[in-house]
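Written out below as structure tokens is the structure these notes cover.
The values are calculated or read from the model by the stated rules, or taken from the named source; none is laboratory data. In this text, all values refer to a predicted model and were calculated from it rather than measured experimentally. Glycine gets a Cβ as well: all are built from the backbone with ideal geometry, and neighbour counts include every protein chain shown. Side chains are part of the model used for accessible areas, which takes the heavy atoms of the whole protein and leaves out ligands, DNA and RNA. Shrake-Rupley method; radii C 1.70, N 1.55, O 1.52, S 1.80 Å.
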Amino acid sequence: RANAMDMKKLIFQLLEKKGRVATADLVNKTGLSRAYAQRFLKELADEGVILLIGKANQAHYVLTPEKGIPLPPRVRKVLLNKGLSEDKVLDAVKSESSVFQGISGNVSSIVNYAFTEMLNNAIEHSASDKIDLVVLKTSTHIRFTVTDRGVGIFNNIMNQNKLASTMDAIHDLLKGKETTAPQAHSGEGIFFTSKIADQLTIASFEKKIVFDNVGRDVYIRDIKSARGTRVDFALSLTSENTLSDLFHQYTDESFQFSKTGVRVKLYHRGVEYVSRSQARRIVAGLEKFKMIELDFEGVETVGQAFADEIFRVWQNAHKDIKVIIKNTNENILFMIRHAQHSLTTG
């Protein structure tokens with residue numbers, strides 16, 4: 001017998017095609033009994049998604065006005081890791097599912113950040129041909145999983161920092177927990193995500209790290225060896241954490257606030273602005289202002305990823321906010337203009 005998901009999918013297909021659906025339509029399509037077909041129609045009517053019109057032989061169902069076809073609370077994608085852009089993948093998840101519908105602004109911001117950081121890690125560092133994503137909303141949590149079949153995060157850190165073992169790599173990743181400068185260590189995005197999630201699990205080859213912020217614990221476990229890296233994230237829908245509070249604990253960007261805007265002085269000795277993670281950190285929480293002034297005095301240059309994140313991705317999502325730049329040299333201005341050109345032509 002057809003399962004509930006298949007039946008409801010068929011109902012919505014008929015509604016989309018004909019604008020109405022009757023019990024007889026389902027019987028003719030599936031060969032099921034009238035009583036069994038009627039059960040699924042009644043369930044959707046009880047949920048308020050469809051509306052019964054007419055009686056007896058004339059009875060049929062239509063979509064409830066303004067309800068539309070409901071989106072699923074779960075989406076899975078297997079992505080070819082070629083020319084992928086994590087912000088565009090996130091946009092697709094939002095348009096194809098109800099995961100982000102009806103959630104608070106702070107929870108939405110946290111999941112946006114964590115998802116794009118973890119997916120970006122897989123895109124840029126895994127060397128995996130494919131990336132498998134699952135994003136879902138339950139009655140209590142938002143969860144996502146990013147899985148690749150690449151070189152493995154711990155191997156990557158070992159190679160990058162010339163370390164001798166997986167445990168040395170894990171130690172390097174955990175350093176950020178005892179420092180106020182996580183950007184100086186491996187996995188800046190992982191550091192912040194591990195602080196803001198209810199639970200973050202990173203598994204690669206034979207080891208798994210669990211960051212449990214509800215139980216206030218971090219532990220490492222042996223697992224069955226598997227190629228690549230799997231990241232599992234969970235956050236309660238009632239979380240009261242905010243990204244801006246977290247970032248202000250660990251970073252020293254200078255913010256001056258006014259009623260309409262915020263001035264961000266970027267120069268700090270020894271800091272290079274190159275990564276998307278740094279850019280996301282700087283603009284977190286600034287969407288409430290009408291104007292942002294970024295002061296680059298003393299900054300020698302910025303990376304393409306940093307400029308792209310602020311002046312294409314973030315600006316595209318906040319078109320009504322004016323971003324003013326000050327004290328840019330020609331190197332910085334080139335990167336900013338390149339990102340803005342991508343915004344207008346993309």
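Please work out whether the stretch 224-300 counts as rounded, prolate or oblate from its C-alpha gyration tensor, where a ≥ b ≥ c are the square roots of the eigenvalues and a/c under 1.5 means rounded, while otherwise a/b larger than b/c means prolate and anything else oblate? Oblate shape, in that a/c is at least 1.5 and b/c is the bigger or equal ratio. Comparing GLY150, GLY31, GLY261 in a Gaussian network model of the chain, where Cα atoms under 10 Å apart are tied by springs, the biggest mean-square fluctuation is seen for GLY31. A cut-off of 5 Å between modelled amide H atoms, ignoring neighbours fewer than 5 places along the same chain, links GLU293 with VAL262, ARG263, VAL264, ILE324. Solvent-accessible surface of the chain, averaged per residue with a 1.4 angstrom probe and all protein chains in place: 54 square angstrom.
Ordered by 1.4 Å accessible area with all protein chains kept, LYS29, LYS208 run largest first as LYS29, LYS208.
In plain terms, the chain from LYS88 to PHE255 could stretch by 57.2 nm, reckoned as 0.36 nm per residue minus the Cα-Cα distance. Within the listed set LYS207, LYS18, LYS94, the Gaussian network model of the chain (springs between alpha-carbon atoms below 10 Å) gives the highest mean-square fluctuation for LYS18. For the chain, the residue among SER225, PHE247, HIS171 whose Cα projects farthest onto the positive side of the dipole built from Cβ charges is SER225. With a simple spin-label model that places each label point 7 Å from the Cα along the Cα-to-Cβ direction, the separation between GLU272 and LYS29 comes to 5.8 nm. Label-to-label distance for ASN331 and LYS290 is 3.6 nm, based on points extended 7 Å past Cα in the beta-carbon direction. 3J(HN,Hα) along the stretch 264-272, derived from phi through the Karplus expression 6.51 cos²θ - 1.76 cosθ + 1.60 where θ = phi - 60°, amounts to 10, 8, 8, 5, 9, 4, x, 9, 10 Hz, with x in place of Gly and Pro. Other residues within the sphere of radius under 10 Å centred on the Cβ of ILE324, judged by their own Cβ, net out at +1 (K and R +1, D and E -1).
Springs join every pair of Cα atoms under 10 Å in this Gaussian network model of the chain, and among ASN161, ASN327, ASN28 the largest mean-square fluctuation is at ASN28. Classify the stretch 65-128 as rounded, prolate or oblate, taking a ≥ b ≥ c as the square roots of the eigenvalues of its Cα gyration tensor: rounded when a/c is under 1.5, otherwise prolate if a/b is larger than b/c and oblate if not. Taking the square roots of the gyration eigenvalues as a ≥ b ≥ c, the stretch 65-128 is oblate. Evaluating 6.51 cos²θ - 1.76 cosθ + 1.60 at θ = phi - 60° for every residue in the stretch 90-105, the Karplus couplings come out as 4, 4, 5, 4, 5, 7, 9, 9, 9, 4, 8, 6, x, 9, 5, x Hz, glycine and proline recorded as x. Size descriptors for the chain: radius of gyration and Dmax over Cα atoms are 24.2, 79 Å.
Taking a point 7 Å from the Cα of GLU124 along the Cα-to-Cβ direction, the residues of the stretch 259-286 with backbone N closer than 15 Å to it are 272-282.
A straight chain from LEU80 to VAL218 at 0.36 nm per residue would run longer than the Cα-Cα distance by 46.4 nm. Given their separation in residues at 0.36 nm each and the Cα-Cα distance between them, ASN161 and THR140 gain 3.6 nm when the chain is fully extended.
Of the solvent-accessible surface of the stretch 183-334, computed with a 1.4 Å probe and all protein chains present, 47% belongs to carbon and sulfur. Counting only protein heavy atoms and a probe of 1.4 Å, the accessible surface of the stretch 27-104 is 53% carbon and sulfur.
With R₀ fixed at 41 Å, the C-beta to C-beta distance from TYR36 to ILE324 puts the FRET efficiency at about 0.05. Measuring only protein heavy atoms, the 1.4 Å probe finds ARG263 accessible over about 70 Å².
Of the cross-linked pairs LYS175/LYS207; LYS290/LYS326; LYS94/LYS319; LYS288/LYS322; LYS42/LYS77, those separated by over 20 Å at the C-alpha level are LYS42/LYS77. Each of GLN58 and THR238 was given a label point 7 Å from its Cα along the Cα-to-Cβ line. The distance between the two points is 4.9 nm. In this structure ILE123 has an accessible area near 30 Å², from a 1.4 Å probe over the protein heavy atoms.
Per-residue accessible area (protein heavy atoms, 1.4 Å probe) orders TYR250, TYR219 as TYR219, TYR250, starting from the largest. Calculated mean residue ellipticity, 222 nm, the chain: -11500 deg cm²/dmol, from DSSP H runs (n ≥ 4) at -39500 (n - 2.57) each, averaged per residue and rounded to 500.
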